[in-house]
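Heads up, the thing below is written out as structure tokens.
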Amino acid sequence: MRKITHPGPRAHRRADVLPCQAVPVCLTLRAGQTLTRAITDGLAQAGFKSGYLRLDGAVLSPMGYVTPAPAPGDGHAAWYSQTCTQPLAQIRHGGAHLGVREGAAFVHCHALWQDQAMGHVLCDDSVISQDVSVSGWGLRGAGLVAQPDAETLFTLFRPEVTRPPPAANACLITLRPNQDICRALLDIAQDHQIAQARIEGIGSLVGTVFENAASLESYATELLIIEGNLHGGKTRLTAASVGFDGAGQQGVLRAGENAVCVTAELLMIFAPE
């Protein structure tokens, strides 16, 4: 499994895990709003300040985005491309976490759109073209808050307690670098006595190795989980990923060979046995 060297001291805790209540929601994102405003307003109207939404079927015009890029020489292990603009993006698969950064709502989003292009969507620079219904989960008991990270020198989401959830049915998780994403999720499930779960979320990997598709050789790739589940002592993640060339690839991640690059922001929703 490939690994990456970050500039700062290695944090002792390799995963942050908080129990929470994930409530299924179906929202309408309104035309004319930025993606940040549409997601924030939609979840607020449903009674939530944080959550995770799947953006499949959304149309953005315009859409600003970046893709992974090599290290810029300032100490960071990897970076982003220059900002790109897509005049019209028809989102095939997308995932977005709503959290807080510097006291304001902040959305972290990865998406795959037409022509198998993929990237990190700049939500303040992307506008909903037409009303669209999306599904996801509003969160109670925990939310993501952006904090400076000494290990990577990035500002990254970490879960924080908002208030004790009335009944936890999920865990909000962030993973630190250089651990296999499938193994890390399995370890967390075992630690919390979770036998079955649905996995949602986004992140980055040190290259991407699929079971059933060509690998991505870029040493920093973006990740979007399309379908994830944990069952029978195994984690299976069907995902989309993109490297330095901006071309998205889809497949099942090969367990044991996909190390987290900078972070992974995940929602583990417990499933009945």
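Where a number appears in this text, it was derived from the coordinates with a stated rule and is not lab data. Just so it is clear, the model here is predicted, and its values are computed rather than measured. Reconstructed Cβ throughout: ideal geometry from the backbone, glycine too, with neighbour counts over all protein chains shown.
Couple of notes before you dig in:
- The distance between label points at residue 30 and residue 5 comes to 5.2 nm (points 7 Å beyond Cα on the Cα→Cβ vector).
- Reported to the nearest whole Å, the Cα centre-to-centre distance from segment 101-129 to segment 61-83 is 14.
- Taking all Cα pairs closer than 8 Å and separated by 6 or more residues, the relative contact order of segment 1-151 comes to 37 percent.
- Semi-axis lengths, largest first, of the ellipsoid equivalent to segment 1-142 are 27, 22, 13 Å, with √(5λ) applied to each eigenvalue of the Cα gyration tensor.
- Distance from the Cα centroid of segment 191-254 to that of segment 1-53 is 17 Å (rounded to whole angstrom).
- Loop-located GluC sites (Glu not before Pro) in segment 93-174 whose Cβ has at most 14 other Cβ within 10 Å (DSSP): 102
- Fewest-first ranking of 261, 26, using other Cβ atoms within 10 Å as the exposure measure: 26, 261
- If a spin label sat at a point 7 angstrom from the Cα of residue 271 along the line to its beta carbon, the backbone N atoms of segment 207-241 nearer than 14 Å would be those of 226-238.
- Over the chain, Cα pairs under 8 Å with separation of 6+ residues give a relative contact order of 24 percent.
- Shown here: the chain, whose C-alpha atoms stretch 45, 43, 36 Å along the first, second and third principal axes, sorted largest to smallest.
- Signed unit charges on C-beta, dipole axis of the chain, positive-most listed residue 154, 196, 235: 196
- This model, with +1 at the C-beta of Lys and Arg and -1 at the C-beta of Asp and Glu, gives the chain a dipole about its Cα centre of some 500 debye.
- Label separation (residue 44 vs residue 231): 3.9 nm, computed from points 7 Å beyond Cα along the C-beta direction.
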